[in-house]
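To keep things clear, I will list the structure first and then write my remarks on it.
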Amino acid sequence: MPIGLDASYSLGRNPSGVAVYSREILTGLARAHPEEKFLFFYRPHRYLRSFREPIPANAGRRILRGAPSTPLFHALNQRVDAPARRTVTTFHDLFVLTADYSTPEFRERFAAQAWAAAERSDLIIAVSRFTARQVEELLKVEPSRIRVIPHGTRAPEGIAAARENLVLTIGAVQKRKNVGRLVKAFEATPAGWRLAIAGSAEGYGAAEELRAVQESARWGDIDVLGYVSPETLENLYGRARIFAFPSLDEGFGMPVLDAMGRGVPVVSSKCSALPEVAGDAAILVDPENIEELGAALARLAGDDALRKELVQRGLARAAEMTWENAVKRTWSVYQELT
């Protein structure tokens, strides 16, 4: 019995978190179950583009139009236009429904797709307990239909760099990522430290967030890098002594786990799903409190012993949360329905 998955979001040169998740699940399942046949479905406007990238030997391509032809179908990004006989959907986040983090038009379209996906799914995978609660409360899904399967991380392959007095943050610059407050908090770090902001600057509210860089007394110590290649990103992880991720709302927060897996001590937020991801391996602060965030950065910048302790805790945390585990648990969800 072939298993279908929506591979539409796995494409592109500049992969988002959903793209990373899609690629890991698609290739991971095919690798873990070579005896099975998988069909990767692509929305019509992305189907031809899919041929630019190889797929596993036990996978085929199909156009996603109407109800999928496979008995079991996994929608990897909370969108189900028409259900299969059995449908699983992954929900990554619902921040669009809870705060002013997008345009009204996008919010309306997102809400309609989220409600439809919830109604049309036999089982729902939520990437955190936080997201599971939101799916239950905002979309009125009974808990018996929700399974929590966290994202994972993967160890880097052979890229190393010398550590520098560098605070790194990663993610598309937008209002939700809280870059403006991070820039102001960075001013509390000692002279000689730099801040690197890596991520596309085209998100909702990006211009307002980046205005803080121009207004900062430390503007000369701040690098706004835009989207960076995977190789450059690994180099940044290797150079950074602190990773800062003071996001206001995350359904998971993959960069926190990636930083931990690369031996970078983390300062993050004590809200949304981020405490679940960080565990006891990060300093967690109120992301709206600039003084608290600045104090955490300054403390970590000046305390070698604390950085080393958080590095060890972070590596242990990352070892617990791998993509292999996510794939294994996803397969178990399929087994429930077949």
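The values are calculated or read from the model by the stated rules, or taken from the named source; none is laboratory data. Remember, predicted model here, so these are calculated numbers, not experimental data. Neighbour counts run over all protein chains shown; Cβ positions are idealised from the backbone, glycine included.
Scanning for something polar (S, T, N, Q), under 23 Å from Val173 (Cα atoms) and not in a loop (DSSP other than H, G, I, E, B), does the range 17-40 turn up at least one residue? Taking every residue of the range 17-40 in turn, at least one turns out to be polar (S, T, N, Q), under 23 Å from Val173 (Cα atoms) and not in a loop (DSSP other than H, G, I, E, B). Total residues in the range 122-153 satisfying the condition of being of a type in the set (A, V, I, L, M) and part of a loop (DSSP other than H, G, I, E, B): the figure is 4. Selection of first residues in the range 79-96 that are among the basic types (Lys, Arg) and of second residues that are in a strand (DSSP E or B), restricted to Cβ pairs under 9 Å at least 6 apart or on distinct chains, gives the following pairs, ordered by first then second residue: Arg79/Asp6; Arg79/Thr89; Arg85/Leu72; Arg85/Phe73; Arg86/Leu72; Arg86/Phe73; Arg86/Leu123.
Filtered by the rule that a residue be surrounded by fewer than 21 Cβ atoms within 10 Å (Cβ to Cβ) and out of contact with any Pro (no Cβ under 7 Å at 6 or more places or on another chain), the range 1-16 gives Pro2, Leu11, Gly12, Arg13, Asn14, Pro15, Ser16. Scanning the range 41-64 for residues that are in a helix (DSSP H, G or I) and either among the hydroxyl-bearing types (Ser, Thr, Tyr) or touching a helix residue (DSSP H, G or I) at 6+ places or on another chain (Cβ under 6 Å) (or both) gives Arg46, Tyr47, Ser50. Return yes or no: is Tyr237 at pLDDT below 95 and closer than 29 Å to Phe91 by Cα? Against the criterion (at pLDDT below 95 and closer than 29 Å to Phe91 by Cα), Tyr237 does not qualify.
The residue list Lys184, Lys175 contains one member that is over 30 Å from Glu336 (Cα atoms), touching a Phe, Trp or Tyr at 6+ places or on another chain (Cβ under 6 Å) and among the basic types (Lys, Arg), which is Lys175.
Answer with yes or no whether Ala116 is within 21 Å of the chain's Cα centre (by Cα), assigned to a helix (DSSP H, G or I), farther than 27 Å from Arg31 by Cβ and among the small types (Gly, Ala, Ser).
On the way: within 21 Å of the chain's Cα centre (by Cα): no; assigned to a helix (DSSP H, G or I): yes; farther than 27 Å from Arg31 by Cβ: yes; among the small types (Gly, Ala, Ser): yes.
Against the criterion (within 21 Å of the chain's Cα centre (by Cα), assigned to a helix (DSSP H, G or I), farther than 27 Å from Arg31 by Cβ and among the small types (Gly, Ala, Ser)), Ala116 does not qualify.
Check whether at least one residue in the range 75-82 is out of contact with any helix residue (DSSP H, G or I) (no Cβ under 7 Å at 6 or more places or on another chain), of a type in the set (A, V, I, L, M) and not in a strand (DSSP E or B), and report yes or no. Within the range 75-82, one or more residues are out of contact with any helix residue (DSSP H, G or I) (no Cβ under 7 Å at 6 or more places or on another chain), of a type in the set (A, V, I, L, M) and not in a strand (DSSP E or B). For the range 254-270, filtered to residues that are assigned to a loop (DSSP other than H, G, I, E, B) and touching a Phe, Trp or Tyr at 6+ places or on another chain (Cβ under 9 Å), the residue that is surrounded by the fewest Cβ atoms within 10 Å (Cβ to Cβ) is Gly263. Restricting attention to the range 20-33, does a residue exist that is free of Cβ contacts under 8 Å to residues at least 40 places away in the same chain, assigned by TED's automatic domain parsing to the domain that holds Arg120 and over 20 Å from Val333 (Cβ atoms)? Among the residues of the range 20-33, not one is free of Cβ contacts under 8 Å to residues at least 40 places away in the same chain, assigned by TED's automatic domain parsing to the domain that holds Arg120 and over 20 Å from Val333 (Cβ atoms), which makes the answer no.
Taking the range 154-253 and the helices (runs of 4 or more DSSP H) fully enclosed by it, the elements with 3 or more residues that are more than 16 Å from the chain's Cα centre (by Cα) and free of Cβ contacts under 8 Å to residues at least 40 places away in the same chain are at 179-186, 206-215.
Taking the listed residues Val224, Val228, Val179, the one that is touching a strand residue (DSSP E or B) at 6+ places or on another chain (Cβ under 8 Å), of a type in the set (Val, Ile, Thr) and buried (at least 18 other Cβ atoms within 10 Å of the Cβ) is Val179, with no other qualifying.
Number of residues in the range 17-63 that are touching a Pro at 6+ places or on another chain (Cβ under 9 Å) and among the basic types (Lys, Arg): the value is 4.
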